[in-house]
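Read-outs: derived from the displayed coordinates by stated rules, not from any lab. Bear in mind the structure is a predicted one, so any value in this text is a computation, not a measurement. Cβ placement follows ideal geometry from the backbone for every residue including glycine, while neighbour counts extend to all protein chains displayed.
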Amino acid sequence: MATTTMTMAKALNEGLRRAMEKDKKVLLMGEDIGKLGGVFRITDGLQKDFGEDRVIDAPLAESAIVGTAVGLAIRGYRTVCEIQFDGFVYPAFDQIVSQVAKLRKRSEGVYTLGLVIRLPFQGGIGAIEHHSESPEAYFAHTAGLRVVSCSTPNDAYWMIQQSVEHDDPIIFCEPKSRYWEKGEVDLDNAPHGLFDAVVRREGNDVTAIGYGSSVKTILRAAATAATEGVSMEVIDARSIAPLDFAPMIKSLEKTGHLVVVQEAPRTASVGSEIVAELTERCFYSLRAPGIRVSGYHVPYPPSRIEDDYRPSVDRILDAVDRVMGFES
Amino acid sequence: MIDEELVQLLSPEGERVSHPQYQSSLSDEEIFGLYRDMVIVRRLCNESTSLQRQGQLALWAPVQGQEAAQIGAGRALAPMDFTFPSYREHGVAWCRGVPPEDMLRVFRAVSNGGWDPQRYRHALPTIVLGNQALHAVGYAMGVQRDGAEEAVMTFFGDGASSQGDVLESFVWAASFNAPVVFFCQNNQWGISTPSTLQSRVPLYRRAQGFGFPGIRVDGNDVLAVYEVTKRALENARVGGGPTLIEAFTYRMGAHTTSDDPTRYRVDAEVEVWKHRDPVERVKALLVRGHNVKSAVFGQVAAEADAMALKLRDDVLAMGRPDPITMFDNAYADAHPLIEEGRREMIELGISGGAR
């Protein structure tokens with residue numbers, strides 16, 4: 001088994017390279033992704049190796065990046081669109097919701113919208129406004145789309161390839177604060193299916209679910225909780241839409257306590273969906289209401305105070321205390 | 001509308017007009033063919049309006065007045081070209097071979113599409129204004145990558161020309177020298193919003209600012225539209241890049257059957273445009289210039305009537321779809337929420353469960 005250590009950024013880069021090698025119809029398109037290699041260098045070196053026709057430096061217009069990718073899909077190409085930052089996806093929102101999500105249905109299966117929209121999301125990098133948002137719920141809410149998020153370099157390497165190969169349009173959320181963290185990547189075998197939720201740490205008392213950057217924060221909380229005698233099971237949802245409830249249900253049947261963690265604000269969020277669905281499906285296993293740890297209901301704050309907005313280890317541990325204390 | 005910038009080859013009275021850059025290349029037979037197309041499209045449009053008034057369609061978007069623009073453009077296409085319409089391009093769809101009953105599936109509210117877009121090389125109606133212009137440019141970028149000698153044409157109106165997507169598509173088409181023709185039907189009205197309110201300069205002149213040619217053609221002159229479009233498509237196919245064509249025309253009817261144009265435009269304006277009717281001027285040419293006998297016109301009218309009757313029968317035969325079909329093709333691959341919805345519908349007995 002060939003494994004190697006690399007950052008999530010490099011893993012995405014290698015994953016895209018492999019996807020392009022496998023299928024010559026795969027194109028990359030985005031702002032500054034060619035010579036510059038993208039503002040996060042995710043596409044570093046790819047234009048040099050695959051040419052300007054396959055790694056397309058786009059004029060600065062997000063609706064056009066997605067809208068032309070739709071036309072390319074109709075022509076038989078698979079375009080991986082890079083949206084430079086989460087907060088810049090909204091000009092493309094119309095194309096994503098009105099066209100990308102609906103064209104397969106409108107054409108009764110004639111059109112395959114095998115495109116991937118890469119979205120560096122969530123905060124934690126000390127950026128200015130519009131560079132730290134978590135817009136995943138908008139897309140999770142939209143029928144016709146799928147939304148996934150990686151939390152490790154290994155997942156990044158494999159999930160980007162699986163997303164490119166998949167025939168449905170995929171919003172691919174990359175936790176930008178984890179881009180530079182290293183991990184083991186297995187170059188031979190995909191660890192999981194694209195839409196599988198995965199148990200990252202086993203435990204008996206509380207089920208804590210998150211995705212993207214939150215997974216590592218939850219794991220830190222779990223390590224602390226263990227020293228205090230509380231055993232947390234940590235689940236990485238990975239697929240935000242559709243959600244893979246089977247491992248979550250299995251875990252809750254064991255623990256009876258649910259905490260969901262996300263950077264996005266709470267109202268009408270993915271975390272809300274997880275709590276609602278698990279309450280319905282595991283009502284008799286639950287020993288307390290599920291609790292959401294999330295961003296606050298404010299525009300993303302100036303980054304000097306973002307650590308008090310994003311779910312922290314302490315806030316997760318508080319939530320664990322609340323669910324554990326509910327029945328006494 | 002006499003405008004020195006306007007390409008016109010046939011006057012409203014049916015007299016041929018000479019133009020320094022464009023001459024009609026069409027034979028008498030071909031001109032008669034365009035006339036037949038326009039008569040049929042108008043007749044089918046009127047039948048559709050009646051069907052809506054009788055409660056058989058949810059909505060109809062009449063094409064009356066714009067037949068020359070659409071037939072001239074549609075017949076200028078080569079079979080391998082690809083077209084991206086808005087929602088009023090029934091004449092273009094006719095030229096692409098889309099069966100009339102399939103055009104009405106959206107308006108009968110039994111489908112969100114209605115035909116196989118790959119078979120006719122004519123994309124499905126796009127209702128969100130301007131979205132399709134970007135699809136056309138993207139498709140054209142694919143044509144470039146395939147090294148194919150094909151052109152792409154997209155249709156939108158004066159109203160949609162205010163949309164960001166249309167303007168972004170101009171930028172991209174210019175940046176990549178995409179083989180695309182932007183065919184803007186300026187029918188003077190975006191529902192109640194006059195074209196003059198949305199564009200301080202004639203629309204075709206916008207192209208210059210984006211770096212490619214723009215041309216205004218008399219959109220009620222099928223001969224001129226055909227030649228102008230044909231040249232733009234040929235130019236695109238051989239790597240000459242994009243062209244914006246503004247077909248200067250008029251929406252004789254309402255925006256849709258839900259609209260009431262008497263609230264925002266005066267009868268006198270409509271009267272002026274009646275004298276520029278696109279069908280009548282070709283008929284005048286055929287009578288005076290080509291000696292076509294009146295019996296022949298009667299034959300075309302009878303043919304159109306027969307098609308309208310068939311269209312009526314076809315539409316009335318379109319029943320309510322099995323509700324469970326709403327779950328088909330929402331996704332390419334298995335999806336738990338689709339399976340759940342389908343299961344629930346079967347359990348509720350809403351569908352027989354047949355797939």
Review point. What FRET efficiency, computed as 1/(1 + (r/R0)^6) with R0 = 45 Å and r the Cβ-Cβ distance, is obtained for A:F326 and A:A2, rounded to the nearest 0.05?
Key: 0.45
Check your understanding: For the stretch B:3-62, what number results from the quotient of the Cα radius of gyration and 2.2 N^0.38 Å?
Key -> 1.63
Point to revise | For chain B: relative contact order, % (alpha-carbon pairs under 8 angstrom, 6 or more apart) | key: 23 percent
Review point. Which percent, nearest 5, of DSSP beta bridges in the stretch A:7-186 are antiparallel?
Key: 5 percent
Review point. Toward the positive end of the charge dipole of the stretch A:7-186, about the Cα centre and with charges on Cβ (Lys, Arg +1; Asp, Glu -1), which of A:I42, A:H131, A:A73 goes farthest?
Key: A:A73
Point to revise | Approximate spin-label separation B:D102-B:I191, in nm, with each point projected 7 Å along Cα-to-Cβ | key: 3.1 nm
Check your understanding: Which Cα, out of B:G114, B:P194, B:G130, lies furthest along the positive dipole direction of chain B (beta carbon charges, K/R +1, D/E -1)?
Key -> B:P194
**Study point:** Equivalent-ellipsoid semi-axes of the protein assembly as shown, from the Cα gyration tensor, Å, largest first
**Key:** 54, 28, 21
Practice item. Evaluate the charge dipole of the stretch B:6-320 about its Cα centre and quote only its size in Debye, nearest 20, assuming +1 on the Cβ of each Lys and Arg and -1 on the Cβ of each Asp and Glu. Key: 260 debye
Exercise for review: Could you give the size of the charge dipole of the protein assembly as shown about its Cα centre, using +1 on the Cβ of each K and R and -1 on the Cβ of each D and E, expressed in debye and rounded to the nearest 20?
Suggested key: 700 debye
Review point. If amide H atoms are built 1.01 Å from N in the plane of the peptide, which residues on other chains or at least 5 residues away come under 5 Å of the amide H of A:N204?
Key: A:S231, A:M232, A:E233
Check your understanding: What's the angle, to the nearest 10 degrees (0 to 90), between helix A:270-281's Cα axis and the longest principal axis of chain A?
Key -> 50 degrees
Practice item. Estimate the FRET efficiency between B:E303 and B:V270 by the formula 1/(1 + (r/R0)^6), using the beta-carbon distance for r and 35 Å for R0, to the nearest 0.05. Key: 0.80
Exercise for review: May I ask you to derive the FRET efficiency for A:F283 and B:A58 from their Cβ-Cβ distance with R0 = 41 Å, giving the value to the nearest 0.05?
Suggested key: 0.45
Exercise for review: State the Cα centre-to-centre distance between the stretch A:1-64 and the stretch A:125-200 in whole Å.
Suggested key: 15 Å
Review point. For the stretch B:247-314, with the dipole built from +1 on Lys and Arg beta-carbon atoms and -1 on Asp and Glu ones, taken about the Cα centre, which of B:V270, B:Y250, B:F297 lies farthest toward the positive end?
Key: B:F297
Review point. Say a paramagnetic label sat at a point 7 Å from the Cα of A:L60, along Cα to Cβ; which residues of the stretch B:164-185 have their backbone N under 17 Å from it?
Key: B:168-169, B:171-172, B:175
Revision key, fill the gap. Spelling it out for A:R78: with amide H atoms placed in the peptide plane at 1.01 Å from N, the residues 5 or more places away or on another chain with amide H under 5 Å from its amide H are A:V26, A:L27
Point to revise | Straight-distance crosslink candidates among lysines, where the alpha carbon sits under 23 Å from A:K182 and sequence neighbours closer than 8 are dropped | key: A:K10, A:K216
Check your understanding: Based on Cβ point charges of +1 for Lys and Arg and -1 for Asp and Glu, what charge dipole magnitude is obtained for chain A about its Cα centre, in debye rounded to the nearest 20?
Key -> 460 debye
Point to revise | Spatial separation of Cα centroids for the stretch B:71-150 and the stretch A:268-328, in angstrom | key: 48 Å
Study note, to complete from the structure: For A:V260, other-chain or 5+-apart residues with amide H closer than 5 Å (H placed, Pro excluded) are A:I209, A:I291, A:R292, A:V293
Revision key, fill the gap. From DSSP H assignment alone, runs of 4+ in chain B each adding -39500 (n - 2.57), the sum over residues rounded to the nearest 500 puts [θ] at 222 nm at -13500 deg cm²/dmol
Review point. Relative contact order for chain A: what is it in percent, counting Cα pairs under 8 Å that are at least 6 residues apart?
Key: 16 percent
Exercise for review: With an 8 Å cut-off on Cα pairs and a minimum separation of 6 or more residues, tell me the relative contact order of the stretch A:235-328 in percent.
Suggested key: 31 percent
